[in-house]
Amino acid sequence: MHVQQPHRQLLALDGRDGTHARVDRAAGTFDRSVSLTQGQTEDARPLLLVSVCALALVVGVVLFPVGPVTLLSGDTVPLADGLLRLLFVTLYVAAAMAALGAVGLAISTMTEHAIGAIAALMILVVASEVVDNVPQLAAVGPYLPTHWWLGFDSLLRAPVASYTLLHGLLSFGIYLVLFSCIAWARFTSADVTS
């Protein structure tokens with residue numbers, strides 16, 4: 001629905017999913033809000049993530065023996081320590097995926113087609129893995145987005161190699177901040193009405 005006012009052009013959109021958007025071209029603003037119907041929650045993704053992790057743990061308990069955990073280094077640790085390490089592995093992988101998500105978000109601001117952003121991100125991941133495994137290009141390896149992805153295996157050894165973990169988390173943090181800033185800069189200067 002287009003609403004004309006003197007010296008202003010407004011565009012208001014009502015979505016079936018409860019979202020509302022308002023664009024004011026003269027002021028250069030874009031306002032998107034979500035109105036929730038009774039019984040809806042704002043965001044169920046964290047609950048879904050916890051549910052998937054809990055279900056995976058239950059299935060693991062059903063299918064495999066429960067007891068001391070044997071690490072990759074051959075050492076055995078108590079179950080509680082093994083579960084704590086599993087939690088840290090999950091958080092490490094989540095940090096890696098957050099960095100990848102930031103790169104994907106930045107790429108998505110440069111195209112109008114979602115499939116193009118997805119394809120570009122997948123090509124970037126494959127190319128990064130290929131370059132990381134070419135010995136002649138080892139000098140650029142630590143700067144690639146996928147180089148530290150498998151660093152979580154340090155948590156599954158005794159003693160834990162904190163050097164690898166910290167470098168991985170630092171790399172993920174840099175990618176997250178850098179590409180989030182790029183995406184934010186592109187969003188603030190983008191024409192959302194086209």
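The values are calculated or read from the model by the stated rules, or taken from the named source; none is laboratory data. Quantities reported herein were computed from a predicted structural model and do not represent experimental measurements. Neighbour counts are summed over all protein chains in view; Cβ atoms, including those assigned to glycine, are modelled from backbone coordinates with ideal geometry.
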| Does Tyr163 satisfy being more than 20 Å from the chain's Cα centre (by Cα) and either surrounded by 13 or more Cβ atoms within 10 Å (Cβ to Cβ) or under 27 Å from Ser180 (Cβ atoms) (or both)? | yes
| request: Could you list, in sequence order, all residues of segment 67-100 that are more than 22 Å from Glu129 (Cα to Cα) and either in contact (Cβ under 8 Å) with a residue 40 or more places away in the chain or in a loop (DSSP other than H, G, I, E, B) (or both)? | output: Gly67, Pro68, Leu71, Leu72, Ser73, Gly74, Asp75, Val77, Pro78, Arg85, Phe88
| Qualifying residues in segment 81-112 (those that are exposed (fewer than 14 other Cβ atoms within 10 Å of the Cβ) and farther than 20 Å from Leu165 by Cβ) - the one modelled with the lowest pLDDT | Glu112
| said: Whether any residue in segment 64-75 is of a type in the set (S, T, N, Q) and within 17 Å of the chain's Cα centre (by Cα) is what I want to check. | reply: no
| Assuming Gly173 fulfils every condition listed in (1) surrounded by fewer than 17 Cβ atoms within 10 Å (Cβ to Cβ); (2) in contact with a helix residue (DSSP H, G or I) (Cβ under 8 Å, 6 or more places away or on another chain); (3) modelled with pLDDT under 95; (4) in a helix (DSSP H, G or I) apart from one, which condition is it? | (3)
| said: Looking only at residues that are in contact (Cβ under 8 Å) with a residue 60 or more places away in the chain and part of a loop (DSSP other than H, G, I, E, B) in segment 140-159, which one is farthest from Leu87 (Cα to Cα)? | reply: Ala158
